[in-house]
Amino acid sequence: MDLRYKDITYCKGVGAKRAELLKKELNIQSALDLLYVFPYKYIDRSQFYLIRDIQNEETYVQIVGTITDIQTIGTGKGQRLVAHFRDKMADEMELLWFQGIKYVQLERNVPYIVFGKPSCFNHTFSIIHPEMERLTSPEQLRAKKGLEPHYNTSEKMKGHALNDKAMRTIIQGLMPDLREGVPDTLPQALREKYHLFDLTSALINIHFPQNQQQMQKARERLKFEELFYIQLQILKQAKLHSLKSEGYRMPVVGKTFHDFYQNKLPFALTNAQKRVIREIHEDMKSGHQMNRLLQGDVGSGKTLVALLCSLLAKDNGYQTCIMAPTEILANQHLETISSMLDGTGVRVELLTGSTTTKQRNTLLTDLIQGDIDILIGTHALLEDRVQFSNLGLVIVDEQHRFGVAQRAKLWAKNVHSPHVLVMTATPIPRTLAMTVYGDLSVSVIDELPPGRKPVYTLHYSNLRREQIDNFIQQQIQRGRQIYIVFPLIEQQKDKNGNPKPVDKPLADLENGFERICRRFPEYNISMVHGKMKPKEKDMHMQLFAEGKTQILVATTVIEVGVNVPNASVMIIENAERFGLSQLHQLRGRVGRGAEQSYCILLTGLELSKDTRKRMNIMVETNDGFRIAEADMQLRGPGDLEGTQQSGLPFELKIASLVSDGQILELARKAAQEILEDDPELSKPENRMYVNQLNKLKQQTINWSEIS
Ligand code: ADP
Ligand code: MG
C-alpha cells in the first residue's frame, strides 16, 4: 500500500474522530503525513549504562546495581527518600523520591534495574523518581527494543486519548507498509554523495531506531532534506532574479571618487573597508542588479563605505539615497557626510518627517531635476511622491526588518531596479544569513579602524551604585561624557494574554533622571526617550554631541548609530532586561574615541541562569559574531524561528537554524552545485527537485489558508 495515498482515517487505531483531529491539529491527511510527525525525544533502553558513563541530563538511562542504604530525610513538605545506589564498578549515585514516599518499597543488597532521567546537581548525577525493577532473571539484561520514541500532542488531542502512547502505537502500525518502501525525495546520486539514508530508512529509523547512531543518521537525512530544499528555493530565485533583472552599469571610477579619495579622506581605509568597496563595485558594474548585505560590527566604518559607493554612483551619472531608521541617525549621517563632502561640489540633502512642506517641495523639485546627488532620510523616502531623476543606488542603514516588500518599493523608483546595499551592525549568525537573507550576497567588514581600545565591560550589582557614581564623577572630571540607559517598563499581560496598558513606561527612566540630577547638581544632564517630540529629542542629542551636557540619560533610542566619540562610559541599568544583541549595540556607543571606554552592566543580585550567562558573555567578549551566535543559542529556536521563520520559504520541522549550521552549509553547497549546472532546473535528471519544490510550495500555501 502506498502510504502517500492511504487516508489517515483508515490507518490502524485512527478512525473518523481521530482522523478529524489529526487533520485539524497537525494538518495530517495521509499515512505518509503522519510519518512526518517526528518524536521530540527517545528513551534509550537499548543499553545499560555505568554510573561513570552518564554524561548529560538529556538521555534516559538504565543501570544495574544494588541499593546500599535508604534514608528518609527532612519532615513535612521538604521530606525526601534517598537511596544510595551502587553499580558493579562500585560507583555510587543517589536515587531520590519527593512524592509518594510511603509507597516506595526497596530492599537493600539485591540487584535492581534502575531507569530514569539523570539530573545534575553540584557536578554529580542523581535520578529523581526512577522506575525500579527487581532483577531476577538474566533475560531482563538482554537489551530491549531499541529506542522508544515519544511524541508531543496537543491538549485537544490528549482529550481524545490521542496521547504520546497512542501516537506511538498508530505509527508503529504503519511500519510494515513503510518497510515496503516510499518514493524518495532526493535522487540516489545526491544521497550517495552526501552519505545520506534513503527516505524509507530515514522514516523507519526516525521513529523506531535500533540505537543512537541509526537515529542520528535518520535525523541527519531529514534535516538535510529540509535545509536543502530551502536553499534550492532561495538560491534558484536569487539566481533567476539576478539573471533577469538588468542592473545599471557603473564601471567608471571617476573624478569625484578620486578627488575625494586623494584630498578629503580623513584617514586611510582599513583593508576590510577596501575589500568590501571592491566587492560592491564588482556588483555595480556587473550589469545585474545588486542586492547585498554589508555586515560590520559597531564602529567598523560602514558610513564611509556608503559614502564612497555613492561617489561611484555619481561618477556614473546616478543618484543615491541613504535610508536610516530614525531621524537622529539620518541627521547624523547628513552631518558626517556633508562635512566630509564639503568643497567637493557633491550635493547632499535630508528628507525626514520633520522637513517642512516648503523645504520638501523645493527638495523634491531639485531631486527630480537631478540636482541632488545624495538624498539622506528616513522612511519618508519610500513615499511615492519622492521621485528621482536617475536613482542608481539605495543604501539602507541599520534596518533590522527591512523586508522584501520594502526593498521592492525601492526597486520601483527607477526604470530598472537600483542597486541595493543593506548595512547592519547586528551580526547575523551565519545560518540566518544563509536562510532569511539567503537571497542577498554578503560582505563583511571584519576589522575595526586602528587604535581602537576595546571597551572594558564590567558587571555590578546595583548595590554598588555609590562606587559607580564616584566613577562617573571621576570620568567627567577628566573631560569624558556618560550615557546612562534605562529599559522601558515592560507591558504585563492580562489573563487573556492581551497587553495591559502601562501607566508609566518611563517611570524608571524618570526616577533615574531625578536621582542623577540630585546627585550631580554641578553637571548638565540631558534626557531622551521615544515619547519626546522629535525637536526636543534632537535638541538634547545635539547638546550631548557638542559636549554641552555631560550625562545623557536615555532609553534605547540611542541604540543604533549615534556617534559621540568623547562619550566613554555606558551604564546600562537593569541590564537583565535587555537581550544580548541590544546590550552589544548599546556598548557600541562608546569606544569610539581615543580614550579607554567602559561599559557597566547593572543588575539585581538574584539572577536567572540565562541572565548570568548573558552578562558573562558581555564581560568576556567584544566580538559581535560570538555574541550573535550566543544570543541565538540562548534564545533558542523557539524565539528565533518564531519571528524569523516568516523569512523562510518553507517551515522547518526538524532542522534548527541554531544547531544545524554544519548540515546547512552542506545543503547549501549541494544546492549551489546543482544550480550552477542547471539554473532553471530544466534537465531531466533534476525533475525530482522541481516536483518536490512544487509540492512544498503547495503545502505551505494550503496550510496558511487553513490556519
Ligand atoms: P558603523 O559601522 O558603526 O556605522 P561608523 O561609520 O559610524 O561606524 O564609524 C565609526 C567611527 O569610525 C566614525 O567616527 C568614523 O569616522 C571612524 N572611521 C571610519 N573608518 C575609519 C578608518 N578607516 N580609520 C579610522 N577611523 C575610521
Ligand atoms: Mg552606522
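The values are calculated or read from the model by the stated rules, or taken from the named source; none is laboratory data. Remember, predicted model here, so these are calculated numbers, not experimental data. Methodologically, a virtual Cβ is constructed for each residue, glycine included, from the backbone with ideal geometry; neighbour enumeration extends over all protein chains shown. SASA here: full protein model, heavy atoms, side chains in, ligands and nucleic acids out. Shrake-Rupley method; radii C 1.70, N 1.55, O 1.52, S 1.80 Å.
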Notebook entry, point to check: Where in region 353-391 are there trypsin sites (Lys or Arg not before Pro) that are in a DSSP coil and have at most 12 other Cβ atoms within 10 angstrom of their Cβ?
Noted result: Arg385
Notebook entry, point to check: In whole Hz, what ³J(HN,Hα) sequence does region 117-124 give by Karplus (6.51, -1.76, 1.60; θ = phi - 60°), x for Gly and Pro?
Noted result: 9, x, 10, 9, 9, 6, 6, 10
Item checked: Shape call, region 215-266: gyration tensor on alpha carbons, a/c limit 1.5 -> oblate
Margin query: What are the membrane-span-like helices in the chain by this rule: whole DSSP H runs, Cα extent along the axis at least 15 Å, mean Kyte-Doolittle hydropathy at least 1.0?
Written below: 302-315
Next item on the list: Give the accessible area for Glu536 in Å² (nearest 10); use a 1.4 Å probe, count only protein heavy atoms, and leave out ligands, DNA and RNA.
Entry: 80
Check: How are the C-alpha pair distances of region 1-96 spread across 10 Å bins, as whole percents from the shortest bin up?
Finding: 13, 25, 17, 15, 22, 8, 0
Notebook entry, point to check: Considering only Thr136, Ala161, Gln172, whose Cα is most displaced toward the positive end of the charge dipole of region 127-172, charges sitting on Cβ of Lys, Arg (+1) and Asp, Glu (-1)?
Noted result: Gln172
Margin query: Just to be sure I follow: if Rg is taken over the C-alpha atoms of region 57-192 and Rh is the Kirkwood radius over the same atoms, what is Rg/Rh?
Written below: 1.11
Next item on the list: Taking only protein heavy atoms into account and a 1.4 Å probe, give the accessible area per residue of region 175-246 in Å².
Entry: 44
Next item on the list: Using a 1.4 Å probe over the heavy atoms of the protein chains, calculate the carbon and sulfur portion of the accessible area of the chain as a whole percent.
Entry: 49
Next item on the list: With an 8 Å cut-off on Cα pairs and a minimum separation of 6 or more residues, tell me the relative contact order of the chain in percent.
Entry: 12
Item checked: Candidates per chymotrypsin sites (Phe, Trp or Tyr not before Pro) in region 252-304, loop by DSSP, up to 12 other Cβ within 10 Å -> Phe267
Margin query: Below 8 Å between Cα atoms, with a sequence gap of 6+, how large is the relative contact order for region 85-193 in percent?
Written below: 17
Margin query: What does the C-alpha gyration tensor say about the overall shape of the chain? Classify as rounded when a/c is under 1.5, otherwise prolate if a/b is larger than b/c, or oblate.
Written below: oblate
Notebook entry, point to check: Whole-Hz Karplus ³J(HN,Hα) for region 35-43, in order, using 6.51 cos²θ - 1.76 cosθ + 1.60 and θ = phi - 60°, x for Gly and Pro?
Noted result: 5, 8, 8, 9, x, 8, 7, 10, 10
Note to self: Among DSSP bridges having both ends in the chain, what percentage is antiparallel? Round to the nearest 5.
What the structure shows: 40
Check: Just from the alpha-carbon atoms, what are the Rg and Dmax of region 99-140 in angstroms?
Finding: 12.4, 36
Check: When only DSSP loop residues count, what GluC sites (Glu not before Pro) in region 104-137 have their Cβ near at most 14 other Cβ atoms within 10 Å?
Finding: Glu107
Check: Along the positive direction of the dipole of region 308-449 (beta-carbon charges: Lys, Arg +1; Asp, Glu -1; about the Cα centre), which of Val348, Met323, Ala313 reaches farthest?
Finding: Met323
Check: Considering every Cα-Cα pair within region 198-290, what fraction, in whole percent, is farther apart than 17 Å?
Finding: 71
Check: In straight Cα distance, which lysines are under 18 Å from Lys102, not counting same-chain residues fewer than 8 positions off?
Finding: Lys77
Next item on the list: Collect residues whose amide H, placed 1.01 Å from N in the peptide plane, falls under 5 Å from the amide H of Leu391; neighbours closer than 5 in sequence don't count.
Entry: Gln319
Checklist line | Point-charge dipole on Cβ atoms (K/R +1, D/E -1) for region 121-187, about Cα centre, debye to 20 | finding: 180
Item checked: Positive-end residue, the chain charge dipole about Cα centroid, Cβ charges, pick of Cys599, Leu81, His150 -> Leu81
Check: To the nearest 20 debye, what charge dipole does the chain have about its Cα centre, counting +1 at the Cβ of each Lys and Arg and -1 at the Cβ of each Asp and Glu?
Finding: 780
Notebook entry, point to check: Counting pairs on different chains as well as pairs 8 or more places apart, how many Lys pairs in region 226-323 have Cα atoms under 13 Å apart?
Noted result: 4
Next item on the list: If a/c stays under 1.5 just call it rounded; otherwise compare a/b with b/c (prolate if a/b is bigger, oblate if not). Do that for region 282-375, with a ≥ b ≥ c from the square roots of the Cα gyration tensor eigenvalues.
Entry: oblate
